[in-house]
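A quick write-up on the structure given underneath.
The values are calculated or read from the model by the stated rules, or taken from the named source; none is laboratory data. What you are looking at is a predicted structure, and each value in this text was computed from that prediction instead of being measured. Cβ atoms come from the backbone with ideal geometry, glycine included; neighbour counts cover every protein chain shown.
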């Protein structure tokens, strides 16, 4: 043992014995701190083991893309998707909002998804298609106005009909790779959602399997969820979202950084592997600012947006995601990069993305 390690050992032993020989309360504190320390060491060890296991696997880098969001930002959705394809994006997570598919009861419109799939097929890109009521972007649960006031026993069969039509419309596309069922289904702290029935989720899962047994299903969890998702349904792949810098609207009214290190997410992925034998993807990595005070992107000054998340932090988030060991990373905010480029002539985010997709390729 080196002199430095020996000195540290003697120092720790001295302090440990000092506290151990005092009151019962101090002994309890020592035991509790030791327990937390050992738990941390175990979590870190499992996380590092996962990272080493995955180190030789290639990285798949993709984006979530929502035409409605691009339109809201004043962009042409088709031009936006084409621009993303030109910088090397070949993996897309696409939505199938019920509000877009069936804006009027009994009248179905697939035009938006049709051109997205055709464009992806032209460039040999891969698609993860989100199904169900709860899908990415506010208000999360995208229920059409005509169904809003109906009881769940009435609107649920109508939702299943929409899902059937979407699956049958696109299940034979060569670009379709996965389905994602709902989006952080049990997350109650975000979004205008009121129905969290596990029975409905199971029914939707079985519906997909029945209509298309050939494509795998992903179910996502929030980065703040504690524990293992061991209940039904059990998908082929679990995914997780990672947001690192968010606006706290409830207490501090300040920006907060989640303290989780990258190995924490590696630990979650390894636990998933051990207990359920299922891989984990990053379905949503923060790559645009979280706006303050309930404002939208277009209502927020550029200076504030850059304070919330600038191109340097965007790059750091990608590095952080890679350090988790998870090899499929889907970025959230692609429309925002193009918005900055077109509306503000700021290509900082766009250039970071272009460089990262080039490296991934």
Segment 199-213: number of residues that are over 13 Å from residue 132 (Cα atoms) and out of contact with any helix residue (DSSP H, G or I) (no Cβ under 6 Å at 6 or more places or on another chain)
4
Every listed condition ((1) in a loop (DSSP other than H, G, I, E, B); (2) buried (at least 18 other Cβ atoms within 10 Å of the Cβ)) holds for residue 217 save (1)
Consider segment 241-261. How many of its residues are in contact with a strand residue (DSSP E or B) (Cβ under 9 Å, 6 or more places away or on another chain) and under 14 Å from residue 317 (Cβ atoms)?
9
Would you confirm whether or not segment 95-116 contains a residue that is closer than 23 Å to residue 242 by Cβ and crowded, with 18+ Cβ neighbours inside 10 Å?
yes
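Give the residue, chosen from 144, 136, 157, that is touching a residue at least 24 places away in the same chain (Cβ under 8 Å) and surrounded by fewer than 22 Cβ atoms within 10 Å (Cβ to Cβ).
144
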Could you tell me whether residue 143 is more than 25 Å from residue 296 (Cβ to Cβ) and at pLDDT 95 or above?
no
Subset of segment 330-361, residues surrounded by 23 or more Cβ atoms within 10 Å (Cβ to Cβ) and on the phi > 0 side of the Ramachandran plot, comes to 333
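So that you can scan it fast, the table gives a plain yes or no per residue for (1) farther than 13 Å from residue 50 by Cα; (2) modelled with pLDDT under 95; (3) not assigned by TED's automatic domain parsing to the domain that holds residue 180:
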position	(1), (2), (3)
250	yes, yes, no
259	yes, yes, no
262	no, no, no
280	no, yes, no
289	yes, no, no
295	yes, yes, no
305	yes, no, no
